[in-house]
């Protein structure tokens, strides 16, 4: 690696407009990037990672401004350069890969046309040459059918393939620098691997420098040569990847490293004659003519957590919809404390509805933005338990205290005035307000930062102990499963492929699919990806279950 | 906040809460502001056009409310000769029957604006409620309501209104001793029904986006009734676009009523109304007298004023920051 500095950011300050005021988002950060080097930027949401990444292109989002410092890219100060000068660099010498490829591709154009846009625009290649080049890159990134895949539209390609096509697109002008903004966050673990492998090989083959933004430490450990930890727009710590992983110096970094250590206390097995709170018996379900679930059966006992895992599309959430009665099954039945529930929620009694509550993945859409916290939690209290006036207010305050939020501070607020983790707590309080026996947690932590997510898991675990709740925990994150589950149900293509107590599930021998899932979870070891790829190549196993 | 995407993993949240209990200081600053401060700040930052619109509307309302005090003569009083030139006694001259133009102009503010406002309100209550019902229930309720609306919308509204009013007016005319209010009531109801089709479409579209939200699903799973869901979960989230649309629809209704009056089927004489005043005095234009343009100007000015205010409100509700 040469010592030639490609990108030099000095004292970069960026402000965002809130109402009438400018609030600092980035508070003066220095960043150096050598040619061919991969720099990882990590931190929680709001740390300024994405803003910093965009600033490396001399770009700020609407409502933001660069208020100080310099962004020197190969001798050109992007913070001061004219817009046309910056535009000449973007796409050609600096490229950007966004988090959601599905949202970033134009659905009306074929992949290869979008690929050739930048080279043609910057007069690097004509259209034919660009298309040939695209096929070549698709092949190098190991996309299936490289000759043909470019002629498809974005919706005809899977998420992981789309993200690789976007990486290829970023490579089209052979830029000096690529900014990857959480490129694998929205993907399943098994798909994530192939994208990581593709990005790494692309960066290595062309000697491209990269800034890799993520909140996932295990991922950044695989990708980056050097890591910068950001928090509240300040630099916390910066070091080579291996040094950073083995010997972090700052407390904040250490807390990030330790976050995956939470484990719920082990619970005794249910008695042999115990009746499960919820029991699914041979459930078949379909969306219209499309069958989704095939003979799904599992039991959930009082005070225990069943984690349902699988990739997206495996039928996890559909199983939850069957239990709640939103999707009546085409065959099979749902038993609640041994009694069959009416398949459609409209036919269930108020008490049956009260017993099973749900916590949603996106607290943003799960809470009505125009209702105060008092009313969001108070409504089920009033509706199910018939408490009104003072009694209702008292219960709301109890519930807020139960989820560790100060009633006087929060009761009168709107959801928009809360942070992500606080909103999710309100979602939990709303479920508890019904005084249920059973709660479905649908990916409740996947939209949250790891530290915040851990707080939510601890809270759920405590509540389970105090109230004897049964949880069905839908997740694709196996670290969460390790932390909280008592039993695990692995689903694939609408079938249960394996189920049993957690202890057994995390020890071999596994079902092939469970094995694939487990081995795909990134570990903090910087050699993990390399070793895994070698091993899978040796055994001739595919990287993922997608049609390769 | 600086990010407009909905994806929670990319939202730049100025707060990160390691423990929620201590996150009080980190909560967004809006929490401390009362609604009053927020509204007054919105007014302070209103552009000049919005101020112009609001002041003009305020003047119209003032004139409409205090018409009997402000007008020098009565609404239907014949005070002079036909088509008198403006002079010291009749500031804007007299009309084709010798009534004072200024007085009629002032009274018409009451009639025309009042009828248009009432029509718009009814059309919003009707269209808004049915639109939300269609979005919430979906299925066959939505199909039937939407197809009826399609049929109504497929006929140009001016022609449909002419037809319906002719039928209604003939019908009322056959009654013994019909009250003149019946004609106005027929006008308001016909216009409101025709206009509610547009409101229905908009409300349905807005409500559709709200119905798919998890909080609506949560309310349904709780076992809430239809009315609660419409009133408490959907309506509060649909108000911003609906209020903006209210201003726009008011303008259209107002213009359509004026057009109908101009054609002789709207507000019936001797009630003063800007549209019919233009028609009654239209012959004067060929003599180079500007009198018929005053009621036309009153219509135009109010339309422009309302649109300025609506533009400002739409801009605010869209969340753009320039």
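We did not get these values from a lab; they are worked out from the coordinates using the rules stated. Because the structure is a prediction, the values reported are computed rather than measured. Note that we place each Cβ from the backbone using ideal geometry, even for glycine, and neighbour counts take in every protein chain shown.
Under the criterion of Cα pairs below 8 Å and six or more residues apart, the relative contact order for region B:109-318 equals 27 percent.
Largest GNM mean-square fluctuation among B:104, B:41, B:231, using chain B with Cα springs under 10 Å: B:41. Rounded to the nearest 500, the 222 nm mean residue ellipticity of chain B from helices alone is -21000 deg cm²/dmol, with -39,500 (n - 2.57) taken per DSSP H run of at least 4 residues.
By the beta-carbon count within 10 Å of each Cβ, the least crowded to most crowded order of B:140, A:22, fewest first, is B:140, A:22. Working from Cα positions, state the angle (0 to 90°, nearest 10) between the long axis of helix A:528-539 and the longest principal axis of chain A. Helix A:528-539 and the main axis of chain A meet at about 80 degrees.
Per-residue ellipticity at 222 nm computed for chain A from its helices equals -11000 deg cm²/dmol, with DSSP H segments shorter than 4 residues left out and the rest contributing -39,500 (n - 2.57). Kirkwood Rh over alpha-carbon pairs of region B:62-132, then Stokes-Einstein at 4 °C and 1.567 mPa s: what D in µm² s⁻¹, rounded to an integer? Once the numbers are plugged in, D ends up at 95 µm²/s.
Helix A:373-385 and the longest principal axis of the C-alpha atoms of chain A enclose an angle of approximately 30°. I need the shape label for region B:132-194. Rule: rounded when a/c is under 1.5, else prolate if a/b > b/c, else oblate, with a, b, c from the alpha carbon gyration tensor. Cα axes put region B:132-194 in the prolate bin. Remark on region B:109-318: ratio of C-alpha radius of gyration to 2.2 N^0.38 Å is 1.18.
Counting only other chain Cβ atoms within 10 Å of each residue's Cβ, the peptide A:441-448 averages 1. Extension gain for residue A:30 to residue A:326 (0.36 nm times residue separation, less C-alpha to C-alpha distance): 101.3 nm. With the convex hull drawn around the C-alpha atoms of region A:112-204, the volume per residue stands at 92 Å³. Sorting A:496, A:135, A:488 from the fewest to the most surrounding beta carbons within 10 angstrom yields A:135, A:496, A:488. Working from the Cα coordinates of region A:449-548, the gyration tensor eigenvalues give, after taking √(5λ), semi-axes of 29, 17, 11 Å in decreasing order.
In terms of the mean number of neighbouring beta-carbon atoms within 10 Å, the peptides A:417-426, A:199-208 order highest first as A:417-426, A:199-208. If you wrap region A:5-260 in the convex hull of its Cα atoms and look at it from every side, the mean projected area works out to 13.9 nm². Answer rounded, prolate or oblate for region A:249-343, using the Cα gyration tensor with square roots of eigenvalues a ≥ b ≥ c: rounded when a/c is under 1.5, else prolate when a/b is larger than b/c, else oblate. Note, shape of region A:249-343 comes out oblate. The angle between the Cα long axis of helix A:450-467 and the main principal axis of chain A comes to about 10°, on a 0 to 90 degree scale. Distance between the pseudo-spin-label points of residue A:515 and residue A:109 (7 Å out from Cα toward the beta carbon): 4.4 nm. Using C-alpha pairs under 8 Å with a sequence gap of at least 6, the mean separation divided by the residue count of chain A gives a relative contact order of 15 percent.
Counting only other chain Cβ atoms within 10 Å of each residue's Cβ, the peptide A:46-53 averages 3. When peptides A:286-292, A:242-248 are sorted by average Cβ neighbour count within 10 Å, with the highest value leading, the order is A:242-248, A:286-292. Peptide packing for A:101-109, A:371-379 was compared via the average number of neighbouring C-beta atoms within 10 Å per residue; ordered from the highest value, the list is A:371-379, A:101-109.
Going from the fewest other Cβ atoms within 10 Å to the most, the residues A:123, A:100 appear in the order A:123, A:100. The calculated FRET efficiency for residue A:142 paired with residue B:148, based on their beta-carbon distance and R0 = 56 Å, is about 0.50.
Rounded to whole Å, give me the distance from the Cα center of region A:31-72 to that of region A:269-310. Taking the Cα centre of region A:269-310 as reference, the centre of region A:31-72 is 46 Å away. If you take the square roots of the eigenvalues of the alpha-carbon gyration tensor of region A:214-258 and sort them as a ≥ b ≥ c, do you get rounded (a/c under 1.5), prolate (a/b over b/c) or oblate? The shape class here is rounded.
Note that region A:392-455, at 10 °C in a medium of 1.306 mPa s, gets a Stokes-Einstein diffusion coefficient of 127 µm²/s from its Kirkwood radius over C-alpha pairs.
On the basis of the beta-carbon distance and an R0 of 60 Å, residue A:18 and residue A:337 show a calculated FRET efficiency of 0.75. Rg and Dmax, both from the Cα atoms of region A:158-257 and both in Å, are 14.3, 41. For region A:321-470, a Kirkwood radius taken over Cα pairs fed into Stokes-Einstein (37 °C, viscosity 0.692 mPa s) yields D = 205 µm²/s. Peptide A:400-406 has a mean of 2 when you count, residue by residue, the C-beta atoms of other protein chains within 10 Å of its C-beta. Quarter the surface of the alpha carbon convex hull of chain A and you get the mean projected area, 27.5 square nanometres.
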